[in-house]
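Below is one structure, written out as structure tokens; the observations come after it.
The values are calculated or read from the model by the stated rules, or taken from the named source; none is laboratory data. In this text, all values refer to a predicted model and were calculated from it rather than measured experimentally. Cβ placement follows ideal geometry from the backbone for every residue including glycine, while neighbour counts extend to all protein chains displayed. SASA here: full protein model, heavy atoms, side chains in, ligands and nucleic acids out. Shrake-Rupley method; radii C 1.70, N 1.55, O 1.52, S 1.80 Å.
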Amino acid sequence: MPALRKRAAALAITAAAALVLAACGGGGDGGGGSAPAAGGDTITLGFSQVGAESGWRTANTKSVQDSAVAAGIDLQFSDAQQKQENQIKAIRSFIQQRVDVIAFSPVVESGWDTVLMEAKRANIPVILTDRAVDSADTTLYKTFLGSDFIEEGKKAGQWLLENVDASAGPVNIVELQGTTGSAPAIDRQEGFAEVIKQNANYQVIASQTGDFTRSGGRQVMEAFLKAHPDIDVLYAHNDDMGLGAIEAIEAAGKVPGQDIKIITVDAVKDGMQALADGKINFIVECNPLLGPQLMDLVKKVAAGEEVPARVVTEETTFDTAAAKAALPSRQY
């Protein structure tokens, strides 16, 4: 019995010390920050990724994983395999686990209000990465980190206006869209259309989803070529679909980059190599290396700090010469 009493006393002292440390806040910023940030404990981040549908997505996942390790953040990672229902299940699992912060890249824009309200009621802050949601209630998430997809579409359209002459007659354009209902697919189409409407001779004669995959791009482009033998320009919402389309164009006996001008978005290594080789004519960059910025935001929202509602990544564009110059040091 004396040993048991000593053990009980030791436990009581330990518990009391823990309460004192919790009350002190461990020298953090104070002001009501959550325990993980204020006390110096490890922050747990639940992250739901769209999938692994492209080289861009693979680079994005690696950036998030590597940056979490560098930042000392415990990452609970889930791959949704491009299915919204898988992401919703993952978010609910994160809520049950009582993670400190939830971040995810939405498969599609709509249908998130219910599960995001569940996270809000559980007092778990949410960060959107890469893609936005169309919820009218912006209090359901703290911030959105990602590219301006409409601007990307505009850049693609502006290159077309400046580099493909439409003065002699119609320029026939086919468009490979991203996943139906996703923010980049919707916005890249909108931005492109807004610019090219300045001249009625630029005509999108066919537009269909290739689901952001190389195989999807190849299959849809094969169908385009059979239905439309007079294609002048291909606008693909990502490099992977454009690379798949190149395979279809070459199989049809045409020269990509010459017989059919090609514009894509992303600037991953394979796309940049095709640009350097002259098979793609122009690429609008969409930077996947969001990990460091995401971890910085995670730490801030976990600590209860205010963050901007929108954080836009800095990006550029590439022609053939720029691609050749950038390739040796390209990280993704």
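Any idea how far the Cα center of segment 226-274 sits from the one of segment 135-159, in Å? Result: 25 Å between the Cα centres.
Report the FRET efficiency, 1/(1 + (r/R0)^6), for ASP165 and GLU247, where r is their Cβ-Cβ distance and R0 is 30 Å, rounded to 0.05.
Values: r = 28 Å, r/R0 = 0.92.
The pair ASP165/GLU247 has a calculated efficiency of 0.65.
Each 20 Å bin, from zero up to the one with the longest distance, holds this percent of the alpha carbon pairs of the chain: 29, 47, 18, 5, 1.
Note the full-extension length gain between ALA309 and LYS62 as 0.36 nm times their separation in residues minus their Cα-Cα distance, in nm to one decimal. Mind showing how you got there, number by number?
Values: separation 247, 0.36 × 247 = 88.92 nm, distance 2.48 nm.
Roughly 86.4 nm would be gained on extension.
Per residue, segment 111-237 exposes an accessible area of 42 Å² to a 1.4 Å probe, with every protein chain left in place.
Calculate the FRET efficiency for THR42 and GLU118 from the Cβ-Cβ distance with a Förster distance of 25 Å, rounded to the nearest 0.05. Step by step, r from the Cβ atoms, then E = 0.55.
Backbone geometry of segment 117-133 corresponds, through the Karplus equation with coefficients 6.51, -1.76 and 1.60 at θ = phi - 60°, to 3J(HN,Hα) couplings of 5, 4, 5, 5, 5, 7, 6, 10, x, 10, 10, 8, 10, 6, 10, 9, 10 Hz, x marking Gly and Pro. Along segment 275-286 the Karplus relation, 6.51 cos²θ - 1.76 cosθ + 1.60 evaluated at θ = phi - 60°, assigns HN-Hα couplings of 5, 4, 7, x, 7, 10, 9, 7, 10, 9, 6, 10 Hz to successive residues, with x for each Gly and Pro. Note on THR317: accessible area approximately 50 square angstrom, rounded to 10, probe 1.4 Å, nucleic acids and ligands left out. Accessible surface for segment 265-332, divided over its residues, is 45 Å² per residue with a 1.4 Å probe. Taking the average, over residues, of other Cβ atoms within 10 Å as the packing measure, peptides 119-128, 66-75, 148-157 rank 148-157, 119-128, 66-75 from highest down. Residues whose amide H comes within less than 5 Å of that of ILE260, counting only those at least five positions distant or on another chain, are VAL255 (H built at 1.01 Å from N in the peptide plane).
With θ taken as phi - 60° and the Karplus curve 6.51 cos²θ - 1.76 cosθ + 1.60 applied, the whole-hertz 3J(HN,Hα) list for segment 246-252 is 4, 4, 5, 5, 5, 5, 7 Hz, x standing for glycine and proline.
For GLU285, the residues whose amide H sits under 5 Å from its own are ASP266, THR316, THR317, PHE318, ignoring neighbours fewer than 5 places away on the same chain, with H placed 1.01 Å from N. Using a probe of 1.4 angstrom, how much of the accessible area of segment 279-330 is carbon and sulfur, in percent? Exposed carbon and sulfur together represent 51 percent of the surface. Restricting the count to DSSP beta bridges whose residues both fall in the chain, what percent are antiparallel, rounded to a multiple of 5? Looking only at bridges with both residues in the chain, the antiparallel portion is about 5 percent. Taking every DSSP helix (H) stretch of at least 4 residues in the chain, weighting each as -39,500 (n - 2.57) and dividing the sum by the residue count yields a mean residue ellipticity at 222 nm of -14000 deg cm²/dmol.
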